[in-house]
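One structure is given below, encoded as structure tokens.
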Amino acid sequence: MSSPTVFITGAAAGIGRSTALKFARSGYLVGAYDIDETGLASLNKAITSTGGRVVTGILDVTDPKQWEERLKEFDAEANGRLDVLINNAGILVAGRFEEMPIEVHKRQIDINFNGVVYGTLAAFPYLKATRGAQVINLCSASAIYGQPELVTYGATKFAVRGVTEALDLEWAEYDISVKAMWPLFVQTAMTQGVSTGTTNSLGIKLTAEDVSQAIFDATRPSKRLYHKVHFPVGIQSKALSLGSRFSPAWLTREVNRRLSHK
Ligand SMILES: NC(=O)c1ccc[n+]([C@@H]2O[C@H](COP(=O)([O-])OP(=O)(O)OC[C@H]3O[C@@H](n4cnc5c(N)ncnc54)[C@H](O)[C@@H]3O)[C@@H](O)[C@H]2O)c1
């Protein structure tokens, strides 16, 4: 039998890199893609030097043509299997909404949301051809309630949530499940130098390894009696998402107002 496979975007750094290493150590053929060639070369070395298998390549997730090409190349190595697609590539720009140039808003939407749509669409034939295939989307605790100073970033994650929930229902008939990971702030390049009301009140506590472990666990077969779509990562994200589910809207707003110092 051929080994299981995983295709990861934004794999050159942070959560993506940690996830690539995790799946490689667990016997997966890893497809690691990014726009950062140097980071990919370092990841390639780290995986192959420990006996793992990896295919790396340049993929800008905002380019549907590149998606088609990289998926086709990976398929040639993967014996027709695409067990897990991880839509991880993302950018975050913090700041006041009105002070951010339109290009910055647009770039966040293009990478964080359009990239997920293009990639998931291009991967469909490969996912459909693989029994029990899964799509893992990097959502965020900023999609629990709109976040001041992270307005467009958070909104892209609300959109990723919508795609995840809807596709998980729509693609059940093809035996493809779609899941969303919900970490709060993680210690990666993305949050370096970021100072908002919520990063200051809640801190940046999670590591990339915490998230990659949670991603790996989310892809394992489960004995759960219900179908789980959303995976909060870390105590803070679990508490916030649970709280928002059971508290009235005015209270959720008040908690978020206080946490964001608004
Ligand atoms: N760091 C956090 O606090 C945090 C919290 C919740 C969710 N997330 C999500 O996790 C994911 C990974 O974040 P991270 O913290 O590892 O960030 P990171 O900045 O450490 O890594 C992001 C990677 O994505 C790549 N990338 C950027 N634009 C790309 C593009 N157009 N095409 C392909 N690759 C591209 C970068 O080169 C980089 O290697 C993102 O979707 C992010 O929104 C992060």
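Per-structure values
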read-out: Angle in degrees between helix 249-259 and the longest Cα principal axis of the chain, rounded to the nearest 10; value: 90 degrees
read-out: Filtered chymotrypsin sites (Phe, Trp or Tyr not before Pro), segment 186-262: DSSP coil and at most 11 other beta carbons within 10 Å; value: Y226
read-out: For the chain: accessible area per residue (Å², 1.4 Å); value: 49 Å²
read-out: Nonlocal amide H pairs with R53, under 5 Å, H built at 1.01 Å; value: V30
read-out: Cross-link table K157/K238; K22/K45; K157/K228; K45/K179, entries beyond 22 Å C-alpha to C-alpha; value: K45/K179
read-out: Among Y126, Y33, Y153, residue whose mean-square fluctuation peaks in a GNM of the chain (springs only between Cα atoms under 10 Å); value: Y126
read-out: Helical mean residue ellipticity (222 nm; -39500 (n - 2.57) per DSSP H run of 4+; nearest 500) of the chain; value: -14000 deg cm²/dmol
read-out: Efficiency of FRET from Cβ geometry, Q192 and R96, R₀ 22 Å, rounded to 0.05; value: 0.65
read-out: Spin-label proximity, H227 to segment 168-195 - amide N less than 13 Å from point 7 Å beyond Cα toward beta carbon; value: 168-179
read-out: Other-chain or far-sequence residues with amide H under 5 Å of L59's (modelled H); value: D34, I35
read-out: Residues with amide H under 5 Å from that of L206, placed H, sequence gap 5 or more; value: Q187
read-out: Euclidean distance of C-alpha centroids, segment 166-192 and segment 1-64, integer Å; value: 18 Å
read-out: Karplus-derived 3J(HN,Hα), 6.51/-1.76/1.60, for each residue of segment 222-235, Hz, glycine and proline x; value: 10, 9, 3, 7, 10, 8, 9, 10, 9, 10, x, 10, x, 4
read-out: Integer Hz, Karplus 6.51/-1.76/1.60 couplings in order for segment 208-217, x for Gly and Pro; value: 4, 5, 4, 6, 5, 5, 5, 5, 4, 4
read-out: Segment 5-259, dipole about Cα centre (Lys/Arg Cβ +1, Asp/Glu Cβ -1), debye to the nearest 20; value: 940 debye
read-out: The chain, Rg to Rh (Cα coordinates; Rh as Kirkwood inverse mean 1/r); value: 0.96
read-out: For segment 112-119, 3J(HN,Hα) per residue [Karplus equation, 6.51 cos²θ - 1.76 cosθ + 1.60, θ = phi - 60°, Hz, x = Gly/Pro]; value: 6, 10, 4, x, 5, 5, 4, x
read-out: Fraction of accessible area attributable to carbon and sulfur, the chain (%, probe 1.4 Å); value: 56 percent
read-out: Within a Gaussian network of the chain (alpha carbon springs, distance under 10 Å), most fluctuating of G90, G119, G39; value: G39
read-out: Relative contact order [Cα under 8 Å, 6+ residues apart], segment 5-259, whole percent; value: 18 percent
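The values are calculated or read from the model by the stated rules, or taken from the named source; none is laboratory data. From a predicted model like this one, the values you see are computed outputs, not experimental measurements. As a convention, Cβ positions derive from the backbone with ideal geometry for all residues, glycine included, and neighbour counts pool all protein chains shown. Accessible surface is based on the protein model in full, side chains and every heavy atom, while ligands, DNA and RNA are left aside. Shrake-Rupley method; radii C 1.70, N 1.55, O 1.52, S 1.80 Å.
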